[in-house]
Amino acid sequence: MKLKKFVSALLITAMTGALLVGCGSNNSTNTNTGTDSGTTTENKTTENTSKGNVSIRLLNGKIEIDAPLKAYAEAYKQKTGVEVVIESLGGGADIAATLKGYLAAGNMPDMFVIGGEGDYNVWKDYMEDLSNESWVSDTDVAYVSPEGKVVGFPYAVEGYGLTYNKDLLDKAGIDPATLTNINAYKAAFEKLDSMKDELGITAVVSMAAEAGQMWWSVANHNFGSYLATGVENGDSKYIDMLKKGEIDRDRMTQYAKFLKLLFDYSDKNTLISGTYDDQLALWAQGKTVFIHQGNWIDPSLPSYNVTFGMGIAPSAFMEQDTDGILADAPSWWAVYNGGKNIQACKDFLTSLATTEEGAKCLVQDCGMISSFKSTTVQPTAPLATDLMKWVQAGKTYPWHWAKMPDGFAMNNLGPVFESFAKGDVDIEGFVDLMANAIATLKQ
Amino acid sequence: MDVKVKKVLSLAAIILGIAGVILALIMDFSGSENPLRGAILVIGGLMVLAGFYFLPSKNHKKIINVLFLFPLLLAFTVTVIIPFIFGVFYSLTDWNGIKFENFVGLQNYITMFTSNDYMYSVVITFIFSAINIVLVNVIAFSLALLCTSKIKGKNYYRAAFFVPNLIGGIVLGYVWQFIFNKVLTVLIPGSVSMLTDPNLALLAIIIVSSWQYSGYIMMIYVTGLQGVPKDVLEASAVDGADRLTTLFRIKMPLIANTFTICIFLTLINSFKQFDLNFAITNGAPSRILNGVSILSTELLALNIYKTAISKNQYALGQTKAVVFFIVLAIISLTQVAISKKREVEM
């Protein structure tokens, strides 16, 4: 009997303890997570009175730049006393889901990443107006709401096209500057294909169009050139048509011809079943001349000991010359309007945009292109350097693909590109499939 | 202690406790940041429990039963019942993961049943499940027979067959994706990956799923087979039953309850297949159906996930999940009811 009593007493203690711990954690989220975003938004009266203990939190969606950002945050704390907590997540769509969880749990970061129009529509009531910040006039790629308010801080510019291996092109006697229309590409591909053994390549292009994991490369990035290549002053005609469920059939056919050219000269296995790593490895080891990716591959290049010169050529699918690559801000940082230290967030962003240290962090340490015109810090990575030239010359087209509805590229366009890559349909069939897929957007 | 005093004291504890809980909840909902509110909530809750525990009553035993069930009931309510009710509720709105603006009635249900991608997912999920259930159970039962026979090293086999189940589905998925894409294409020169053909890709998921899950189901069959009484087996042997007759007439009817549980587990597992599907194909390859190119191996769970997370249509995803639950509940309950009839009481 004694034992029984002892055991039951023990169990009760354990249960009570568990209950206390369980409920207790509810409280500690307010104090421990360090971020004064707090549970409730109405209650701003109990603001941190102890100055110098201000802490703000940034939810960064680009895991590659986590370390440099943290280093900058540390330096920033030394200088201003404001602690900036960097929280980095990787993996595309899941960031939005995580963020929704944070909002529901009252654990909203003071600054968070938004990836385009879909995110904007979800978060528009939660974003602080940044129109009066000093950096706004210094950039062309800030996220501007339909009402004309600046809500997103453009921390970088990224660009892509057909990234080439300069050494191999030189060997074949092709000047990348001439690659500005489909006929130039056709001639170049034929020449390179005939010199396969001399150049030591297995295929001309490294592309991946598998619908499960590589849809973004074709259905977002490559399709982006249908939407924007050759448009004047960021004209949004084709994306507006797409949203209404319409396509420009002639332009789509022309685009399909270019796509077929790329697919025909691609490494077949990588094209239909390859991953990003396969695609990159093929090009970085010098087995193909072109790769359809952008300057984000810079940080991966040292692991392949890449020594050849490189640059980005336009995804020029038309007969007439279109001398520009697709470059834009990939995502933006917004300030949460329910946070308690909005001014501190704004100051932090301003310091990143306007100070020498901030520019060094974004450009040199993170290996990105600055989106601010006054920045003088030069990038060091090879593709970033090349991209910078395009941006400075003003030869860029916007990323209209980012304005497509959420999940549309992944679920509706991705399979079409894969079907085309596998050879299930011809050019005419591809255009029909695209037309049918886009027609589902008709309201 | 006097019974009356005890009664008054415990009633007071209950009332005070309830008041404390309500006070704490009011504080929380009104946005107070008083650090004591958590403590008030917990102490209030404990006082209510203690009050009921010490309350002198004719139904003391019943109260104790409920009290001891309380932690479980609370956990179940908070993690299952309440989210489920919320889920059904959200499926009637235009919820976007943060808030909802309108009630849309059954609009989500109509959208769902008229969308081709969902109906396609339903069809292939049924195909996948049917094949997978049969395959897993046949393989698992055969392995179980092997592992209960007099073969040498059967303990080693048992462990070996069970190991795949210990590895997480995502990891397994990526490993097998590599095998299908890189190893098999090299072993069979000139071939393209299985994962580029819609039918073969579904088969690939079935192969991996069977491989992963058979070992686990095998263990349950092994337990069942070991539970068959020796005297019955001996009696049948004396009566001249050969091996096959013993298997079909004696062993299988006697472990019918094992079949019930194994088929139930594989049924649920097949319908809810997500991680392998996500890692091996993530919906690819494409298939052209009625002039539309669609993802051909998107099983229901993946379809729901993508609807909510990547298409950002949380209410529609929730609707699909509610229907998924109902369908799964009906199928599995039917299966259990049918299988139960076949069981033999010893």
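What average count of beta carbons from other chains do you get within 10 Å of the Cβ of residues in A:414-424?
5
Nearest 20 debye, what's the magnitude of the dipole of segment B:3-109 about its Cα centre given +1 on Lys and Arg Cβ and -1 on Asp and Glu Cβ?
Dipole magnitude for segment B:3-109 comes out near 900 debye.
Taking the Cα centre of segment B:112-342 as origin, work out the dipole magnitude from +1 charges on Lys and Arg Cβ and -1 charges on Asp and Glu Cβ, in debye rounded to 20.
Around 320 debye, computed over segment B:112-342.
Using a 10 angstrom cutoff on alpha carbons, build the Gaussian network for chain B and name the most mobile of B:Leu69, B:Leu289, B:Leu265.
Among B:Leu69, B:Leu289, B:Leu265, the largest GNM mean-square fluctuation belongs to B:Leu69.
Starting from the Cα of A:Asp426, step 7 Å toward the Cβ, then list every residue of segment A:158-187 with an amide N under 17 Å from that point.
No residue passes the distance filter.
Once chain B is represented by equal point scatterers at the alpha-carbon sites, with solvent omitted, what log10 I(q)/I(0) does the Debye formula produce at q = 0.08, 0.10 Å⁻¹?
Scattering profile of chain B, log10 relative to I(0): -0.64, -0.89.
Could you work out how far apart the two model spin labels at A:Ala177 and B:Ser332 are, taking each label as a point 7 Å from the Cα in the direction of the beta carbon, and quote it in nm?
6.8 nm
Kindly flag which residue pairs out of A:Lys62/B:Lys182; A:Lys100/A:Lys395; A:Lys166/A:Lys268; A:Lys244/B:Lys306; A:Lys243/A:Lys346 have an alpha-carbon separation exceeding 31 Å in this structure.
A:Lys100/A:Lys395; A:Lys243/A:Lys346
So for chain A, taking the charge dipole from beta-carbon charges (+1 Lys/Arg, -1 Asp/Glu), which of A:Gly173, A:Met195, A:Thr139 sits furthest toward the positive end?
A:Thr139
Would you kindly derive the ³J(HN,Hα) couplings of segment B:164-176 from the backbone phi angles with the Karplus curve 6.51 cos²θ - 1.76 cosθ + 1.60 (θ = phi - 60°), listing them in order in whole Hz, with x for Gly and Pro?
For segment B:164-176, the Karplus curve yields x, 5, 7, 8, x, x, 5, 4, 4, x, 5, 4, 6 Hz.
Quick one: among B:Leu203, B:Leu55, B:Leu295, which has the greatest mean-square fluctuation in a GNM of chain B with alpha-carbon springs under 10 angstrom?
B:Leu55
Can you tell me the orientation of helix B:256-271 relative to chain B, as the angle in degrees between its alpha-carbon axis and the longest Cα principal axis, to the nearest 10?
Helix B:256-271 sits at roughly 80 degrees to that axis.
Averaged over its residues, how many other protein chain Cβ atoms are within 10 Å of peptide B:35-44's Cβ atoms?
3
Each residue of segment A:76-82 in order: what ³J(HN,Hα) in whole Hz does its phi give by Karplus 6.51 cos²θ - 1.76 cosθ + 1.60, θ = phi - 60°, with x for Gly and Pro?
For segment A:76-82, the Karplus curve yields 5, 5, 4, 7, 10, x, 8 Hz.
Pop a pseudo-label 7 angstrom from the Cα along the beta-carbon direction at both A:Lys237 and A:Asp197 and give the gap in nm to one decimal.
4.8 nm
Among the trypsin sites (Lys or Arg not before Pro) within segment B:2-75, which fall in a DSSP loop and have no more than 15 other Cβ atoms within 10 Å of their own Cβ?
Qualifying residues, ordered by number: B:Lys58.
Between B:Ala160 and A:Ser300, what is the label-to-label distance in nm when each label sits 7 Å out along the Cα-to-Cβ direction?
Taking the two extended label points, one gets 3.8 nm.
So if I place +1 on the C-beta of Lys and Arg and -1 on the C-beta of Asp and Glu, and nothing else carries charge, what would the dipole magnitude of segment A:60-126 be about its Cα centre? I want it in debye, nearest 20.
With only Lys, Arg, Asp and Glu charged at Cβ, the dipole is about 140 debye.
Which listed residue (A:Gly338, A:Gly286, A:Leu352) has the Cα farthest towards the positive end of the charge dipole for segment A:275-367, taking +1 on Lys and Arg C-beta and -1 on Asp and Glu C-beta about the Cα centre?
Checking the options against the dipole of segment A:275-367, the answer is A:Gly338.
Sorted by mean Cβ packing within 10 Å, highest first, what order do the peptides A:397-405, A:226-234, A:343-351 take?
Result, highest mean first: A:397-405, A:343-351, A:226-234.
Where is the GNM fluctuation largest for chain A (alpha-carbon springs, 10 angstrom cutoff): A:Ala142, A:Ala172, A:Ala313?
Its mean-square fluctuation being the largest, the pick is A:Ala172.
Taking 0.36 nm per residue of separation and subtracting the Cα-Cα distance, what length does fully extending A:Lys395 through A:Thr355 add?
Result for the pair: 11.7 nm of gain on full extension.
Using the alpha-carbon atoms, what tilt in degrees (0 to 90, nearest 10) does helix A:2-32 show relative to the longest principal axis of chain A?
So the helix axis and the longest Cα principal axis differ by about 60 degrees.
Which angle from 0 to 90°, rounded to the nearest 10, does the C-alpha axis of helix B:60-76 make with the longest principal axis of chain B?
Once rounded, one gets 60 degrees.
How shielded is B:274-286 by partner chains, expressed as the average number of their Cβ atoms within 10 Å of its Cβ atoms?
5
Label point 7 Å out from B:Asn290 along Cα-to-Cβ: which residues of segment B:119-137 have amide N under 11 Å?
Those under the cut-off are B:119-120.
Throughout, read-outs are computed from the coordinates displayed, never taken from laboratory work. All values reported here derive from a predicted model rather than from experimental measurement. Here Cβ is always computed from backbone atoms with ideal geometry, including for glycine, and neighbour counts include all displayed protein chains.
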